Amino acid sequence: MCLSAVYERRPEGEHLLCRNVANVQIAPDELTFTDLLGVRTVYQGRLLRLDLMENKILVEGAQS
């Protein structure tokens, strides 16, 4: 099983948003991350990078 952590790109660096993400749903200007326990995190922004070797998802907010 491949679980990932989601980080938001900010001017001061990367900020952890959620861990153990098992599912990502992509819609225009909105991402929904669901973790191993079924907890959903909805994020307004876009996907910048998905690194499956590092188990890391990088996103950027809609205002950035």
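Right, Glu14: open to solvent by less than 60 Å² (accessible area, probe 1.4 Å), in a strand (DSSP E or B), at pLDDT 95 or above and charged (D, E, K, R) or not?
No, not satisfied.
If the Cβ limit is 8 Å and pairs must be 6+ apart or interchain, which residue in region 27-48 that is in contact (Cβ under 8 Å) with a residue 12 or more places away in the chain pairs with which residue that is hydroxyl-bearing (Ser, Thr, Tyr) and assigned to a loop (DSSP other than H, G, I, E, B)?
Final answer for the pair search is Gly45/Ser64.
Of all the strands (runs of 3 or more DSSP E) wholly in region 22-64, which have at least 1 residues that are open to solvent by 60 Å² or more (accessible area, probe 1.4 Å)?
The strands (runs of 3 or more DSSP E) meeting that bar are 30-35, 40-51.
The values are calculated or read from the model by the stated rules, or taken from the named source; none is laboratory data. The structure presented is a predicted model; accordingly, all values stated were derived computationally and were not measured. Reconstructed Cβ throughout: ideal geometry from the backbone, glycine too, with neighbour counts over all protein chains shown. For accessibility, only protein heavy atoms count, side chains too; no ligands or nucleic acids. Shrake-Rupley method; radii C 1.70, N 1.55, O 1.52, S 1.80 Å.
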